[in-house]
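Just so you know, all these numbers are worked out from the coordinates, no wet-lab data involved. This structure is a prediction, so every number in the text was calculated from the model and none was measured. Cβ placement follows ideal geometry from the backbone for every residue including glycine, while neighbour counts extend to all protein chains displayed.
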Amino acid sequence: MCEENHIVKRAIIMAAGFGNRMHPLTLTTPKPLVKVNGVRMIDTVVDGLRSNGITEIYVVVGHLKEQFYEWAAERHAEWAKEETCECAKEQPGVQIIENPDYATCNNISSLYVAREHLGECIILDGDQIIYNKEILDPHFTLSGYNAVWCEGETKEWLMDVEDGVVKSCSRTGGRHGWQLYSISRWTAEDGAKLRRHLEQEFESGNRQIFWDDVVMFCHFDEYRLGIREMQAEDIIEIDGIDELAQADPSYRTYLDSLDG
């Protein structure tokens, strides 16, 4: 019997962090607003969402939050001029949610402040570059993460998947598994469950974990998760200055200054 298909209705973008591994660049610019080859990372995310009809977008901010309000106003103005764009007419802009605990807690605090928007949603980070917009397709069956098959060794989170269902996840990586990426979709039922679990963990003081820990480790047995297969070249997650310089050679001067 086929399971019911679900459609993403809203997006939550995580954009509150300090971006410490990209100092000194992120001392003055929030990591998602850093330009890579002339385009801000978060713009590739938002444009990818809107091209898939996902126009209800919430951005959780903290570090240098004022710059996100300026960015949102700029994008809103751009979309308002696109008279032929139906998505611009439906939802011309993004909504900013402030995370007051971003400086003292891990990113569980960011999803906690956006928890009322969970369900029929896609959650993703603002500091990544989307090269293939199809990986943000709103249609899905099981809640779960986008993933890339990893044949060799990796230190990233690695999932064991059987018949399309996630059986376990390793924080320390491994080989021959599905590498978890920070794009995930959640049904209305699982979103409500995730909200309860977020409240349970955060309000009990468990605030130094990733929000993904809540699902993948704290309450894993209460979910039935699938994956959305994609290719490594569809997306780049940029963690540090070295990876930024690989994607955009104009940043090599930062590497040289650090080496010096």
- Dipole axis of the chain (+1 Lys, Arg; -1 Asp, Glu on Cβ), positive-most option in Trp186, Asn107, Gln128: Asn107
- Item | Placed amide H near Ile183: partners under 5 Å, 5+ positions off or other chain | Asn146
- With contacts defined as alpha carbon pairs under 8 Å and 6 or more residues apart, what's the relative contact order of the chain in percent? 23 percent
- Cα→Cβ-extended label distance, 7 Å offset, between Ala247 and Val165, nm: 3.5 nm
- Query: Which of the GluC sites (Glu not before Pro) found in the range 1-76 are loop residues per DSSP with 10 or fewer other Cβ atoms within 10 Å of their Cβ?
  - Reply: Glu3, Glu4
- Percent of beta bridges antiparallel (DSSP, the chain, rounded to nearest 5): 60 percent
- Taking only the alpha carbons of the range 177-260, what extent do you get along each of the three principal axes, in Å, biggest first? 49, 33, 22
- Expressed in µm² per second, the diffusion coefficient of the range 7-259 from the Stokes-Einstein equation, with Rh the Kirkwood radius over alpha carbon pairs, at 25 °C and 0.890 mPa s, is 131 µm²/s
